[in-house]
Amino acid sequence: VSADRHEFIDEAISNGASAVVVSKDIEEKSVPIIKVDDTNKELPLLCQRLYDYPEKDLKLIAVTGTDGKTTIAEIIQTLLGSDCAYIGTNGATYKDFHEHLINTTPDSHLLYRFFDIFRSKGAKYVSMEASSESFYRKRLTTLDFDITIYSNISHEHLNIHKTFDNYLECKIQLVKQTKKDGFAIINSDDKYSENFKKEATGTVLTYGKNDTDTIKIVDYTLSKDKTLITFKYNNETFDVESPLLAEYNIYNLACGILACLKLGKT
C-alpha cells in the first residue's frame, strides 16, 4: 500500500517533529517547513547526519539480482560469522537483534537505524540485499559499498520499473557505487554480465564456469542431501561440501566465497 507522506505532517508534528521537509506546497505549520525537489533524495542525507555516519564504521557487502539475493547475503553472513549483520528479505539481524521488514531493502530511516544498532553491538560487516526498487526510490544514494555482487536478471518486477531497460539500469546502479578500492563481483555466465562490467567501479571480479573467471566452478556432484563442488581460485583448486542443493546454489556459493576471500577470510 502506498501513501503520500505529506498527509502525515500534522501527526509528525504532534509526535515532536521540529521541522518538516516537503516536496510540494503546504499550509503554514507551527514548525519550519523546508521545501526540496525530491524528499526521497534528501531522506538518506538527513538519516546519515542524524545517526552520525554509522556506515563509515562498517564494511558493506550488497547483493543484487532477480534471484539469489537472500541466499547469497546469508551465505556471506554465515561465512563471516559473529562479526556480520544481515539486512534483507528475512529481516534485519545481528546477534540478539532481529526485526521484521516489509521491504527487501528498507527505507533510509530504518536502514540507518539498523547500521547504528549494528555498530553499537560491535558488528564489522553488513551483508545486505539491494533491491532494484531501493535504487528507484533512492534509498541507497549515500552509500559506497566495499563489495557489490550481481547474480542474474530476468524479465520480472516490471510493475514499478515499467520497462526492462529501467529495471536493468536500477540493478546496474549497485556496481556503480562500489568503492574505488572495493570489488564488484559479477556472474560471467549471465547474459547481461558485460553491462555490469562496463559500469562497475572498483576492481571487477567474476565467477562462473569460464577459465578466465576469478573463481571458476570446475566440477560438481549433486545428490539428494548435499552438493560436492570443486572451485579454482588463484590457480589452485579446492573442494566444498554444501547442504545447499541445485545448480543455482553453486553459483550462490561461488560469489559468497569470493566475497569472503576478498575480505581476508578463508
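The values are calculated or read from the model by the stated rules, or taken from the named source; none is laboratory data. Treat the numbers as computed from the prediction; the structure is a model and nothing was measured. A quick note on method: Cβ atoms are made from the backbone with ideal geometry, for glycine too, and the neighbour counts reach across all protein chains shown. Ligands, DNA and RNA are stripped out before the accessible areas are found, and what is left, the full protein with its side chains, is counted by its heavy atoms. Shrake-Rupley method; radii C 1.70, N 1.55, O 1.52, S 1.80 Å.
So, of the residues in the range 21-32 that are among the aliphatic types (A, V, I, L, M) and within 27 Å of residue 140 (Cβ to Cβ), which turns out to be most open to solvent (accessible area, probe 1.4 Å)? Talk me through it step by step, then tell me what you get.
Of the residues in the range 21-32, the ones among the aliphatic types (A, V, I, L, M) are 21-22, 26, 31.
Applying the additional criterion that residues be within 27 Å of residue 140 (Cβ to Cβ) yields 21-22.
On the way: 21: 56, 22: 2 Å².
Among residues in the range 21-32 that are among the aliphatic types (A, V, I, L, M) and within 27 Å of residue 140 (Cβ to Cβ), the one most open to solvent (accessible area, probe 1.4 Å) is 21.
So for the range 169-177 (the condition being among the basic types (Lys, Arg), within 17 Å of residue 72 (Cβ to Cβ) and crowded, with 18+ Cβ neighbours inside 10 Å), does at least one residue qualify?
Narrowing the range 169-177 to residues among the basic types (Lys, Arg): 171, 176.
Right, trim to within 17 Å of residue 72 (Cβ to Cβ) and you get 171.
Then keep just the ones that are crowded, with 18+ Cβ neighbours inside 10 Å; that gives 171.
Scanning the range 169-177, I find at least one residue that is among the basic types (Lys, Arg), within 17 Å of residue 72 (Cβ to Cβ) and crowded, with 18+ Cβ neighbours inside 10 Å, so the answer is yes.
Given the criterion charged (D, E, K, R), modelled with pLDDT of 95 or more and in contact with a strand residue (DSSP E or B) (Cβ under 6 Å, 6 or more places away or on another chain), identify the matching residue among 69, 35. Don't jump to the end; show me each part of the working.
Working: 35 fails: modelled with pLDDT of 95 or more.
None of the others qualify; the one that does is 69.
Given the criteria modelled with pLDDT under 95, over 24 Å from residue 117 (Cβ atoms), among the small types (Gly, Ala, Ser) and surrounded by fewer than 18 Cβ atoms within 10 Å (Cβ to Cβ), does residue 18 qualify? If you could, list the steps in order and put the result at the bottom.
Numbers: modelled with pLDDT under 95: yes; over 24 Å from residue 117 (Cβ atoms): no; among the small types (Gly, Ala, Ser): yes; surrounded by fewer than 18 Cβ atoms within 10 Å (Cβ to Cβ): yes.
Considered against the rule, which asks whether it is modelled with pLDDT under 95, over 24 Å from residue 117 (Cβ atoms), among the small types (Gly, Ala, Ser) and surrounded by fewer than 18 Cβ atoms within 10 Å (Cβ to Cβ), residue 18 comes out as no.
If you take the residues of the range 68-79 that are open to solvent by 10 Å² or more (accessible area, probe 1.4 Å) and touching a helix residue (DSSP H, G or I) at 6+ places or on another chain (Cβ under 7 Å), which of them is nearest to residue 135 (Cα to Cα)? Spell out the reasoning first.
First, pick out the residues of the range 68-79 that are open to solvent by 10 Å² or more (accessible area, probe 1.4 Å): 68-71, 74-75, 77-79.
Restricting the remaining residues to those that are touching a helix residue (DSSP H, G or I) at 6+ places or on another chain (Cβ under 7 Å) gives 68, 71, 75, 79.
Working: 68: 18, 71: 20, 75: 23, 79: 27 Å.
The selected residue is 68.
Residues being crowded, with 23+ Cβ neighbours inside 10 Å and farther than 23 Å from residue 247 by Cβ: count how many of those fall in the range 179-206.
3
Within the range 250-266, work out how many residues are in contact with a Leu (Cβ under 9 Å, 6 or more places away or on another chain) and either open to solvent by 30 Å² or more (accessible area, probe 1.4 Å) or at positive phi (or both).
The total comes to 3.
Name the helices (runs of 4 or more DSSP H) wholly within the range 105-205 that hold at least 2 residues that are within 16 Å of the chain's Cα centre (by Cα)?
Details: elements: 108-120, 132-136, 158-161, 164-176, 193-199.
By residue number, 108-120, 132-136, 164-176.
Exposed (fewer than 12 other Cβ atoms within 10 Å of the Cβ) and either free of Cβ contacts under 8 Å to residues at least 40 places away in the same chain or over 15 Å from residue 117 (Cβ atoms) (or both) - does that describe any residue in the range 41-50?
Scanning the range 41-50, I find at least one residue that is exposed (fewer than 12 other Cβ atoms within 10 Å of the Cβ) and either free of Cβ contacts under 8 Å to residues at least 40 places away in the same chain or over 15 Å from residue 117 (Cβ atoms) (or both), so the answer is yes.
If you take the residues in the range 97-111 that are out of contact with any Ser or Thr (no Cβ under 9 Å at 6 or more places or on another chain) and in contact (Cβ under 8 Å) with a residue 12 or more places away in the chain, which one is surrounded by the most Cβ atoms within 10 Å (Cβ to Cβ)?
From the range 97-111, those out of contact with any Ser or Thr (no Cβ under 9 Å at 6 or more places or on another chain) are 97-98, 100, 102, 109-110; that's our starting set.
From the residues that got through so far, the ones that are in contact (Cβ under 8 Å) with a residue 12 or more places away in the chain too are 97, 109-110.
Values: 97: 15, 109: 15, 110: 18.
Restricting to residues being out of contact with any Ser or Thr (no Cβ under 9 Å at 6 or more places or on another chain) and in contact (Cβ under 8 Å) with a residue 12 or more places away in the chain, the top hit is 110.
Test residue 159 against the stated conditions and say whether it is farther than 27 Å from residue 136 by Cβ, open to solvent by 20 Å² or more (accessible area, probe 1.4 Å) and free of Cβ contacts under 8 Å to residues at least 12 places away in the same chain. Show your work before the answer.
On the way: farther than 27 Å from residue 136 by Cβ: no; open to solvent by 20 Å² or more (accessible area, probe 1.4 Å): yes; free of Cβ contacts under 8 Å to residues at least 12 places away in the same chain: yes.
Considered against the rule, which asks whether it is farther than 27 Å from residue 136 by Cβ, open to solvent by 20 Å² or more (accessible area, probe 1.4 Å) and free of Cβ contacts under 8 Å to residues at least 12 places away in the same chain, residue 159 comes out as no.
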